[in-house]
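The values are calculated or read from the model by the stated rules, or taken from the named source; none is laboratory data. Note that the structure is a prediction, hence the values are computed from the model and not measured. All Cβ positions, glycine included, derive from the backbone under ideal geometry; neighbour counts span all protein chains shown.
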Amino acid sequence: MKRILIVNGPNLNLLGKREKELYGEKGLNFIENKIKEEAKKYNFKITFFQSNHEGDIIDKIQDGESFDGIIINPGGYSHTSIAILDAIKSIKTPVIEVHLTNLFSREDFRQKLITAKGARGVISGLGYISYLSAIYALHILLNEENLTK
């Protein structure tokens, strides 16, 4: 059984309550339940983590070597955190960055993704389906020996 860590950054605990016109009415629990359903298909064991604090996110990523894959939604830290980027780059575990909204249709500052430079890939704009797509992508990455990095 492969172990997957899902890391959610600041304000994602407020999904369903804040900016519903952008993020919808579904909360983080809804997304976590959808991820669990999808993960069963691939025999993944999922661990969820959410924090509004950059240092806590960094500590969790640094512990990521005990996981087979990581999916991260760094929230607003995507655009600002060199420290989270460095943490991602410091581990060998494959990381996929996800975003609920299409960042490239939003404000200019949201289109620069500092943390994504350390990720194997980025999935953006599909709502909770971004996470499900990342689960599928990790399944392929972890099971295809000949994929190039």
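Determine whether Glu54 is surrounded by 17 or more Cβ atoms within 10 Å (Cβ to Cβ) and either of a type in the set (A, V, I, L, M) or over 13 Å from Tyr128 (Cα atoms) (or both). So that I can check it myself, show each step before the final result.
Numbers: surrounded by 17 or more Cβ atoms within 10 Å (Cβ to Cβ): yes; either of a type in the set (A, V, I, L, M) or over 13 Å from Tyr128 (Cα atoms) (or both): yes.
It is true that Glu54 is surrounded by 17 or more Cβ atoms within 10 Å (Cβ to Cβ) and either of a type in the set (A, V, I, L, M) or over 13 Å from Tyr128 (Cα atoms) (or both).
Exactly one condition in (1) part of a helix (DSSP H, G or I); (2) in contact (Cβ under 8 Å) with a residue 60 or more places away in the chain is not met by Ile58; state its number.
Answer for Ile58: the failing condition is (2).
Suppose we filter region 64-98 for residues that are under 30 Å from Glu25 (Cβ atoms), in contact with a Gly (Cβ under 7 Å, 6 or more places away or on another chain) and not in a helix (DSSP H, G or I); how many remain?
5
For region 16-36, which residues satisfy the criterion of being part of a loop (DSSP other than H, G, I, E, B) and touching a residue at least 40 places away in the same chain (Cβ under 8 Å)? Break it down stepwise before answering.
Looking only at region 16-36, we keep the residues that are part of a loop (DSSP other than H, G, I, E, B), and these are 16-19, 24-27.
Within region 16-36, Gly24, Lys26 qualify.
Among all residue pairs at least 6 apart or on different chains, which show Cβ distances below 9 Å where the first residue, located in region 77-99, is over 12 Å from Leu5 (Cβ atoms) and the second is aromatic (Phe, Trp, Tyr) and at pLDDT below 95?
Every condition considered, the pairs that remain are His79/Phe109.
Just the residues that are of a type in the set (Val, Ile, Thr) and within 10 Å of the chain's Cα centre (by Cα), please, taken from region 68-85. Reasoning before the result, please.
Going through region 68-85, the residues of a type in the set (Val, Ile, Thr) turn out to be 70-72, 80, 82, 84.
Residues satisfying the conditions are Ile70, Ile71, Ile72.
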